[in-house]
Amino acid sequence: MNKAILVGRLTRDPEVRYSQGENATAVARYTVAVDRRFKRDNEPTADFIPCVVFGRSAEFAEKYFRQGMRVSISGRIQTGSYTNKDGVKVYTTEVIVEEQEFAESRAESEANRSSYQQSAPAPAPSAPAGDGFMNIPDGIDEELPFN
């Protein structure tokens with residue numbers, strides 16, 4: 001079984017491109033900085049994991065994910081290789097994302113974002129109702145990456 005689950009912060013806004021051909025598909029790439037459990041010499045360390053996501057999930061990442069945001073993803077690890085322009089073989093490892101979600105509240109994200117480079121603001125959700133649940137505006141069903 002090949003399954004990877006990561007929780008970390010985006011190192012930059014997702015980069016989205018579209019495949020060529022009749023049925024162009026969105027392909028988003030982003031890197032997640034995941035803190036290591038054990039520190040070396042009392043200094044925090046992190047792994048920087050490249051991630052790739054396709055289709056409507058890629059469009060969702062482009063629209064809502066921003067640098068510094070804490071996210072949770074699950075997917076599979078994929079390795080590969082290619083020969084660069086200098087004739088050197090380069091090996092790659094990345095996570096092909098199957099599921100992605102926010103791993104912090106909007107308020108936490110905005111508080112933490114102040115320590116990162118400011119980027120375009122994320123769309124504002126409706127104010128929470130008295131029961132603690134957010135009201136979802138009508139017509140948003142078409143934008144959500146799930147049924």
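How much length is gained on full extension from ASN23 to ALA103, taking 0.36 nm per residue of separation minus their Cα-Cα distance?
Full extension of this stretch gives 25.6 nm more.
Going through the cross-link list LYS3/LYS39; LYS63/LYS89; LYS3/LYS89, which pairs have a Cα-Cα distance over 32 Å in this structure?
Listed pairs above 32 Å: LYS63/LYS89.
We did not get these values from a lab; they are worked out from the coordinates using the rules stated. This structure is a prediction, so every number in the text was calculated from the model and none was measured.
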